[in-house]
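Data block below; observations after.
FYI, it's all coordinate maths here, none of it is from the lab. The structure presented is a predicted model; accordingly, all values stated were derived computationally and were not measured. Here Cβ is always computed from backbone atoms with ideal geometry, including for glycine, and neighbour counts include all displayed protein chains.
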Amino acid sequence: MSEGIAPRRRRAVVETSAGGVVFRRGPGGTRYLLIRDPYGNWGLPKGHVEDSESYEEAARREVTEETGLPRPRVVRALPTIDWYFRAGGRLIHKTCHFYLMESVSGEPVPQEAEGITACAWEHADAALATITYDNARAVLKAATELVEELSAA
């Protein structure tokens, strides 16, 4: 390589997703929905935003597709997270927009065709201890605090 010429850097492929922190109130208290992904990790339902969708529409669609729950009610936007990872030798920069959603009926069924292997309702402490990804845990923590604030109001 010649002096003074910097090597070309490949830019990361940008991907945008949306998802939800789904909660349900019941006699045993408030529970939060987690999914187990194809890698055996516990996280939150999310997926790619399609061309004509808003982030909120994509989040509701993805939650319904991945869990089988009827379209949950969106309560409020939550923090957006981003991270980098490699797939197929490419660097991906993913951003995910999350929404707090309430579900009042139906039992979750994992979308096996997409590699979702389980769905589980957990109380806040158990959900925070179970979730695998630190950035998703931070979103879940923000969601549990918001649900507590809304319940107290």
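Using helices alone, what [θ] at 222 nm do you get for the chain, with -39,500 (n - 2.57) per DSSP H run of 4 or more residues, divided over all residues and rounded to the nearest 500? That comes out to -8000 deg cm²/dmol.
Sorting Glu57, Glu50 from the fewest to the most surrounding beta carbons within 10 angstrom yields Glu50, Glu57. Here the simple spin-label model places points 7 Å from the Cα toward Cβ, and for Ala120 and Glu102 these points are separated by 2.6 nm. By other beta-carbon atoms within 10 Å, ranking Ile131, Ile35 with the fewest at the front produces Ile131, Ile35.
When only alpha carbons are used to place a centre, the range 22-51 and the range 116-148 end up 8 Å from one another.
For the chain, modelled as a Gaussian network with Cα springs under 10 Å, which listed residue fluctuates most, Ser52, Ser105, Ser17? Sorting by GNM fluctuation, first place goes to Ser52.
Could you compute the net charge surrounding Lys46? Neighbours are other residues with a C-beta less than 12 Å from the C-beta of Lys46; K and R count +1, D and E count -1. Walk me through the numbers before you get to the answer.
Numbers: positive: Arg60, Arg61, Lys94; negative: Glu15, Asp37, Glu62, Glu65, Glu66, Glu114.
Combined, the nearby Lys, Arg, Asp and Glu give -3.
Placing +1 on each Lys and Arg Cβ and -1 on each Asp and Glu Cβ, with no other charges, gives the chain a dipole about its Cα centre of roughly 380 debye.
Note: relative contact order over the range 18-148, using C-alpha pairs below 8 Å and six or more positions apart, is 33 percent. Compared with the dominant Cα axis of the chain, that is its longest principal axis, helix 134-152 is turned about 30°.
Extension gain for Leu128 to Tyr84 (0.36 nm times residue separation, less C-alpha to C-alpha distance): 13.6 nm.
Distance between the pseudo-spin-label points of Glu56 and Glu145 (7 Å out from Cα toward the beta carbon): 2.3 nm.
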